[in-house]
Amino acid sequence: MEYYSTNHTAPVANLRKAVVKGLAEDRGLYMPEHINRMSKVFFDNMKDMSFRDIAYNVAEAFFGEDVDPDALQDLVYDTLPFDCPVVKVKDGIYSLELFHGPTLAFKDVGARFMARLLQYFIRQEGNHEQVNVLVATSGDTGSAVANGFLGVEGIHVYVLYPKGKVSPIQECQFTTLGQNITAIEVDGVFDDCQALVKNAFMDEELNRHMRLTSANSINVARFLPQAFYYFNAVAQLKQTGCDNIVVCVPSGNFGNICAALFGHEMGLPVKRFIAANNANDVFFNYLQTGRYEPKPSIQTLANAMDVGDPSNFARIYELYGKSHERITSLISGATYSDEQIKQTMRQCYAETGYVLDPHGACGYQALKELLQPGETGVFCETAHPAKFKEKVDEILGIDTPIPDRLAAFMKGTKQSVPMSKDFSDFKQFLMKE
């Protein structure tokens, strides 16, 4: 399959180029030239299939033209040694728990798949030149990508994160690894980190010096596999007889909901979608006004969603023919302040005993407010509450247990490189690598 740029001025690319390059030459995001619909037989059988088998069928529809079937099955099965269960929180509202992977966050799925697909292409090329992965993170992306690529031969990862704006536990998950992982602590916000990554891809001298790619959700190999768990969630809900399913996604850079929307184009039986924002409400405002007006991000309690110019908006806009009417007919929005997030966490815990993290709280509250009679809502619980232990404990007055695999990260020694938000400084650093 060929991939074109959302800016429509770059040459089309095959999957290998789209994955290895990450960003098109015209700074656009790669889009598949068409989206294959899943068969009726698949949907009829889906509720009786394992997560891995569902994921393989979806992966085959996305990548089957470009990856050997046996190799693709190995990639998918190796990506998913864990489940993403759907858990009932209250009548009509379910949590899609995406925190059962190695770093306890939803990005484990996309990051692990991308690491394996990138290595597959590198081995096919027989090229011994190191591939350097640049990734900006507002929280969970850094840990998921770093751990997904840790020890992978031929690949070095640079994780850029905003100083003082990720949780201590999140920071431990990518600054204590060493080996082929370098953490870069940027004196700025997430948008500054993302700008450094994008500028690096556009710098000809830097690209002559080193082979660069991205593992943010701008990369097709990162965001497309996230569709796997939406198909699996619908299959689980169908097993219980649920219908009229509404999917609510806490949204920052919009890669996660974008994957769900691609799944919908493949025939995923979801009635509609809700994008739940924190105070960074650029997309919410677009839904209301039809105008997309990026602005500097605001630091909030749900820090992984602190994005003022979500990259994947371009893909959503492209997917629906740049039609505000089509987008709003399928997607609604919600936005919540820190105080509202805290109140939701307290209320949910008091009423159901379920512990929400700040991001999942946005999704849960949006369903409570926007779900219609006869609908079943499922929201993404994108990270384990223990990843935000200090905040969760303070808000709920509890002592959140820390899973063993999370505690192990906290015993390591922090290794990071301080960096200004000026691209010249970042370029100079990379040119010496």
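Side notes on the structure shown:
- Stokes-Einstein D in µm²/s, Kirkwood radius over Cα pairs - the stretch 255-348 at 20 °C with 1.002 mPa s viscosity: 152
- Stretch gain in nm, segment Lys238-His8, where the contour uses 0.36 nm per residue and the Cα spacing is subtracted: 78.9 nm
- Of every Cα-Cα pair in the stretch 1-155, the percent that sits beyond 19 Å: 63
- Packing here is the average count of other Cβ atoms within 10 Å per residue, and on that basis the peptides 416-423, 396-403, highest first, run 416-423, 396-403.
- HN-Hα J in Hz across the stretch 49-56 - Karplus 6.51, -1.76, 1.60, θ = phi - 60°, x for Gly and Pro: 9, 6, 4, 4, 6, 4, 4, 5
- Computed over the chain, the Cα gyration tensor eigenvalues convert (square root of 5λ each) into semi-axes of 30, 26, 21 Å, ordered from largest to smallest.
- Alpha carbon centroid spacing (whole Å) that separates the stretch 171-247 from the stretch 50-92: 18
- Nearby lysines by direct alpha-carbon distance to Lys414 (threshold 20 angstrom, same-chain neighbours under 8 apart not counted): Lys163, Lys165, Lys387, Lys389
- Cα centroid separation, the stretch 273-302 to the stretch 127-157 (Å): 28
- The distance between label points at Ala350 and Ile398 comes to 1.5 nm (points 7 Å beyond Cα on the Cα→Cβ vector).
- Largest-first ordering by accessible area, 1.4 Å probe, given options Val41, Val282, Val189: Val41, Val189, Val282
- Cα Rg, Dmax (largest Cα-Cα span) when computed across the stretch 112-241, Å: 16.1, 57
- Normalised convex hull volume, the stretch 307-433, alpha-carbon set, Å³ per residue: 205
- For the stretch 22-73, the alpha carbon positions stretch 44, 23, 17 Å along the principal axes, listed from largest to smallest.
- Within the shell defined by Cβ-Cβ distances under 9 Å, the residues around Val189 carry a net charge of -1, with Lys and Arg each +1 and Asp and Glu each -1.
- Contact order relative to length of the stretch 350-409, as percent, for alpha carbon pairs under 8 angstrom and 6 or more apart: 31
- Full extension of the chain between Gln124 and Arg37 yields a length gain of 28.5 nm, computed as 0.36 nm times the residue separation minus the alpha carbon distance.
The values are calculated or read from the model by the stated rules, or taken from the named source; none is laboratory data. Bear in mind that the values here come from a model prediction, so they are computed numbers and not experimental data. Glycine also receives a Cβ, built like all others from the backbone with ideal geometry; neighbour counts cover every protein chain displayed. Calculation scope for accessible area: heavy atoms of the full protein, side chains included, ligands and nucleic acids excluded. Shrake-Rupley method; radii C 1.70, N 1.55, O 1.52, S 1.80 Å.
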